[in-house]
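*Asks:* Take a look at the following structure, please.
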Amino acid sequence: MTETTSPPDRRAALGLLARSPAARLNALLPDLPAHEVLRSPEIGTVMVRGRAGGTGNAFNLGEMTVTRASVRLSSGEVGHGYVQGRDRGHALRAALVDAMGQADPARADAILAPLRADEARRRAAIAAEAAATRVDFFTLVRGEDE
């Protein structure tokens with residue numbers, strides 16, 4: 001595997017870590033494992049691109065603040081974390097969980113599994129709220145049916 005490719009489960013884990021609330025990640029990983037900071041958490045901006053209709057030509061939508069960090073565990077695995085916003089601790093913990101996933105997948109999954117469950121609950125709540133506003137036009141009484 002080259003540096004530019006990522007297995008699908010690692011990519012999904014990095015996305016989950018980026019979307020998870022920082023406070024929840026802090027609660028799941030209160031004590032940081034032994035590590036060396038390769039890139040201390042730094043704040044910057046990235047250009048967000050969009051596509052008209054999802055398939056049209058790409059255009060620059062605007063900038064978004066992100067924080068990134070890179071760490072190396074004492075066992076040698078390197079992890080990276082990118083998160084939206086300005087939370088240095090969130091980026092550092094995301095990088096640590098990424099590295100832990102390479103060294104000890106079971107230990108990282110002990111952190112990722114509750115985050116997955118939290119995200120599934122959030123998505124289900126949003127879907128239920130949207131479903132409550134659904135209108136079934138076939139059950140409406142039309143004027144000629146009276």
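*Asks:* Here is a list: R68, R116. Which entry is surrounded by 14 or more Cβ atoms within 10 Å (Cβ to Cβ) and either of a type in the set (G, A, S) or part of a strand (DSSP E or B) (or both)?
*Replies:* It is R68.
*Asks:* Now, a different point. Starting from segment 33-52, keep only residues that are closer than 24 Å to R72 by Cα, then list their pairs with residues that are part of a loop (DSSP other than H, G, I, E, B) whose Cβ atoms are within a distance under 6 Å, requiring at least 6 positions of separation or different chains.
*Replies:* These pairs meet every condition: A34/S74; I43/R86.
*Asks:* Pairs please, first residue from segment 1-24 and among the small types (G, A, S) and at pLDDT 95 or above, second anywhere and exposed (fewer than 11 other Cβ atoms within 10 Å of the Cβ) and not in a helix (DSSP H, G or I), Cβ atoms under 6 Å, 6+ apart in sequence or on different chains.
*Replies:* none
*Asks:* Run G56 past the list (1) assigned to a loop (DSSP other than H, G, I, E, B); (2) more than 15 Å from A99 (Cα to Cα); (3) in contact (Cβ under 8 Å) with a residue 60 or more places away in the chain and report the number of the one that doesn't hold.
*Replies:* Going through (1) assigned to a loop (DSSP other than H, G, I, E, B); (2) more than 15 Å from A99 (Cα to Cα); (3) in contact (Cβ under 8 Å) with a residue 60 or more places away in the chain one by one, G56 breaks only (3).
*Asks:* Please verify whether V83 is under 25 Å from D9 (Cα atoms), modelled with pLDDT of 95 or more, in a helix (DSSP H, G or I) and of a type in the set (A, V, I, L, M, F, W, C), treating the condition exactly as stated. Show your work before the answer.
*Replies:* Values: under 25 Å from D9 (Cα atoms): yes; modelled with pLDDT of 95 or more: yes; in a helix (DSSP H, G or I): no; of a type in the set (A, V, I, L, M, F, W, C): yes.
The answer is no for V83.
*Asks:* Same structure, new question: Scan (1) under 16 Å from A103 (Cβ atoms); (2) not in a strand (DSSP E or B) for the single condition N26 breaks and write down its number.
*Replies:* Of the numbered conditions (1) under 16 Å from A103 (Cβ atoms); (2) not in a strand (DSSP E or B), the odd one out for N26 is (1).
The values are calculated or read from the model by the stated rules, or taken from the named source; none is laboratory data. None of these values were measured; they are calculated from a predicted model. So basically every Cβ, Gly included, is an ideal-geometry build from the backbone, and we count neighbours across all protein chains shown.
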